[in-house]
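*Asks:* My structure is below; once you've seen it, I'll send some questions.
The values are calculated or read from the model by the stated rules, or taken from the named source; none is laboratory data. Since we're looking at a predicted model, the values are computed, not measured. Because the Cβ atoms are built from the backbone with ideal geometry, glycine has one as well, and the counts that use them run over all protein chains shown.
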Amino acid sequence: MTRLHVNGEEREVVVRTGDTLARTLRDTLGLIGTKIGCENGDCGACTVLVEGIPIKSCIVLTLDIADRLITTIEGLTDTPLQRAFVEEYGFQCGFCTAGQILNATELLGRSPKPTDDEIREQMESNLCRCTGYEGIERAVKRAAGIELPLQKGSHT
């Protein structure tokens, strides 16, 4: 048995030596908010926080992070950042959204008022195939309380 600390709960799981954290979260614990895309660490859909640091859970073995604090999208509840993603249309199909939100969560914890360059640098490790990144960047800025420029067609 392996002990995991996921979203504030201690969980005992049986894992094989080659099981990735992404597969353990999804297949063993039923936390399907962690998406599996490329399975080689390139797309970022599987991003979770381990002790507050974003990691690609598809390339980390579960046994290597036993007893460390893990946060998945299910561990966040109605945060300002999640609301900002909805308000700023920071998603389309939603497949990459959990990874995007977790990556941005770490950024805002480290840099509460990030610059445009900081946002772009942080978010470049998460790929989105549906939208432009403008909505994602606006969502991060909104959550940080950074004033957004009026968009074309906006009357507010």
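*Asks:* Tally up the residues in region 42-63 that are acidic (Asp, Glu) and touching a residue at least 40 places away in the same chain (Cβ under 8 Å), please.
*Replies:* 1
*Asks:* Determine which member of the set 53, 73, 59 is surrounded by fewer than 17 Cβ atoms within 10 Å (Cβ to Cβ), under 12 Å from the mean Cα position of the chain (by Cα) and either at pLDDT 95 or above or among the small types (Gly, Ala, Ser) (or both).
*Replies:* Within the list 53, 73, 59, the selection yields 53.
*Asks:* What number of residues within region 86-115 satisfy the criterion of being of a type in the set (Gly, Ala, Ser), surrounded by 12 or more Cβ atoms within 10 Å (Cβ to Cβ) and at pLDDT 95 or above?
*Replies:* Count: 4.
*Asks:* Using the structure shown, decide if residue 39 is free of Cβ contacts under 8 Å to residues at least 60 places away in the same chain, surrounded by fewer than 16 Cβ atoms within 10 Å (Cβ to Cβ), at positive phi and touching a helix residue (DSSP H, G or I) at 6+ places or on another chain (Cβ under 7 Å).
*Replies:* yes
*Asks:* What's the total number of residues in region 16-34 that are buried (at least 17 other Cβ atoms within 10 Å of the Cβ) and under 14 Å from residue 71 (Cα atoms)? Give the steps one after another, and end with the answer.
*Replies:* To start, the set of residues in region 16-34 that are buried (at least 17 other Cβ atoms within 10 Å of the Cβ) comprises 19-26, 29, 31, 33-34.
Retained after the next criterion (residues that are under 14 Å from residue 71 (Cα atoms)): 21-22, 24-26, 29, 31, 33-34.
Residues meeting the conditions: 9.
*Asks:* Can you work out which of the residues in region 13-50 that are among the β-branched types (Val, Ile, Thr) and in a strand (DSSP E or B) is farthest from the chain's Cα centre (by Cα)?
*Replies:* 13
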